[in-house]
Amino acid sequence: MPFSDYKTALVTGASTGIGAVVVERLAKQGLEVHAVARNADRLDDLASRTGCIPHALDITDTAALTAELRDLKVDVLVNNAGVSRTGNILTADEFAVDEQIAVNIQAVLHLVRLVMPGMVERDLGHIVNVSSIAGVYNFGGNTIYHATKSAVHTLSRQLRVDGYGRRIRVTEICPGRVETEIFGRLLGDMEEAQRRFYDGYESLKPEDIADAIEFAIASPRHVNVGHMELLPTFQVPGGLNFERRAD
């Protein structure tokens, strides 16, 4: 579908990484882009570079989110915001569970709830959910992150059912390791995260994910790109563990 069919986009997690690049791309395509993130200074800088409209708020604050979007007609929604915490369910604390549920799935559900009815009414819209390979593959650690991203995976398919009969397209972008700040925030040390997760690896870049999102949105109006899995060439999911015990 040509970008000219759309007027307004909303991007969460927009202050840095994938979100910031997506804002830049959509703004260049002529859309009025509303950028949502908590960091007001970064949003203001992004606005000065792209002309986007900044919304400095916490997407887990449902009341603030509802008030901010009350009069906004969103044609393209990009649910990009996400958080992760180290450890599996055996080591997770209450905050790790609550934060990831609130950001990774609760806020996504509320955003869709707020903007999709307008899309249905206008018979036009595109929802892009950025999930993760953690939502479709199982590997050690980050149990809550896996669970929440799996919920986004299922939601993305369900939204197609909910929008049946209307020109509502839904795309799930499922990345592997992308060179963003998420691991730095996870460890609380950006330099250590760079050394541990990125140095020596050919990771994906935010621009790679933005390319995929741009491709999905720009596809002809009769085409719905439902699921895109993007991994670095040297990152391969899968494998099998089988512990042998004598007792």
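If you add up the charges near residue 114, with Lys and Arg at +1 and Asp and Glu at -1, over every other residue whose beta carbon is less than 10 angstrom from its beta carbon, what do you get?
Computed value for this residue: +1.
With the contact rule set at Cα under 8 Å and sequence spacing of 6 or more, what percent relative contact order holds for the range 131-175?
Rounded, it is 47 percent for the range 131-175.
For the range 84-162 and the range 174-199, what is the separation of their Cα centres, given in Å?
20
Charges at C-beta only: +1 for Lys and Arg, -1 for Asp and Glu. How large is the resulting dipole of the range 91-220 about its Cα centre, in Debye rounded to 20?
So the magnitude is around 720 debye.
By the gyration tensor of its Cα atoms, with a ≥ b ≥ c the square roots of the eigenvalues, what is the shape of the range 60-142: rounded for a/c under 1.5, prolate for a/b over b/c, or oblate?
Verdict is oblate for the range 60-142.
So for the chain, averaging the separation of alpha carbon pairs under 8 Å that are six or more residues apart and normalising by length, what relative contact order in percent results?
Normalised by residue count, the contact order of the chain is 20 percent.
When we measure straight from the Cα of residue 205, which lysines land under 24 angstrom away, once same-chain ones fewer than 8 places off are left out?
Cross-link targets: 28, 149.
Where the accessible area of the chain is counted over protein heavy atoms with a 1.4 Å probe, how much of it, in %, is carbon and sulfur?
50
Excluding residue 28 itself, calculate the net charge of residues whose Cβ lies under 12 Å from the Cβ of residue 28, where each Lys or Arg counts +1 and each Asp or Glu counts -1.
Net charge around residue 28: 0.
Using only alpha carbon pairs under 8 Å that are at least six residues apart, calculate the relative contact order of the range 43-114 and give it in whole percent.
Once divided by the residue count of the range 43-114, the mean separation gives 31 percent.
Per DSSP helix of 4 or more residues, -39500 (n - 2.57); summed, then divided by the residues of the chain. What does that give at 222 nm, rounded to the nearest 500?
About -12000 deg cm²/dmol.
What accessible area per residue comes out for the chain, rounded to a whole number of Å², with a 1.4 Å probe?
52
Mind giving me the nanometre distance, one decimal, between the label points for residue 240 and residue 194, set 7 Å out from Cα along Cα→Cβ?
4.1
Test of understanding: what is the full-extension gain from residue 39 to residue 93, defined as 0.36 nm times their sequence separation minus their Cα-Cα distance?
Working it through step by step, the gained length comes to 16.9 nm.
The values are calculated or read from the model by the stated rules, or taken from the named source; none is laboratory data. Everything numeric here is computed off the predicted structure, so don't read it as measured data. Ideal geometry is used to build each Cβ from the backbone, glycine not excepted, and the neighbour counts take in all protein chains shown. All accessible areas refer to the heavy atoms of the entire protein, side chains included, with ligands and DNA or RNA removed. Shrake-Rupley method; radii C 1.70, N 1.55, O 1.52, S 1.80 Å.
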